[in-house]
Amino acid sequence: MCVHTPPCPSADAADRDAAHTVAGHPDQGWSLLCNGVLLFDDTGELTPDGEVIGPRRPQTRLAVAA
């Protein structure tokens with residue numbers, strides 16, 4: 001799908017969400033990337049082959065008082 005130079009990462013690459021946005025719908029919470037991935041505001045993804053990738057939320061470490 002990608003016609004950019006250099007080409008965007010493929011839908012099965014680890015950095016697939018770095019692809020260019022071809023359709024953005026922030027009001028609905030999703031964007032379509034040029035590699036066919038649907039990227040959601042919560043960082044979840046749906047790949048063109050139907051694979052669901054859950055949200056990647058940052059892990060928070062709490063300090064434990066001694």
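The values are calculated or read from the model by the stated rules, or taken from the named source; none is laboratory data. Since the structure is predicted, the reported quantities are computational estimates derived from the model, not experimental observations. All Cβ positions, even for glycine, are placed from backbone atoms using ideal geometry, and neighbour counts span all protein chains on display. Protein only, heavy atoms only, side chains kept; ligands, DNA and RNA dropped before computing areas. Shrake-Rupley method; radii C 1.70, N 1.55, O 1.52, S 1.80 Å.
Of note:
- Candidate set from region 1-21 (those that are open to solvent by less than 70 Å² (accessible area, probe 1.4 Å), in a loop (DSSP other than H, G, I, E, B) and touching a Cys at 6+ places or on another chain (Cβ under 9 Å)); member that is nearest to Thr47 (Cα to Cα): Ser10
- The residue pairs whose first member lies in region 22-51 and is open to solvent by less than 50 Å² (accessible area, probe 1.4 Å), whose second member is part of a strand (DSSP E or B) and of a type in the set (Phe, Trp, Tyr), and whose beta carbons are closer than 8 Å, counting only pairs six or more residues apart or on different chains, are Gly29/Phe40; Leu38/Trp30; Leu39/Trp30.
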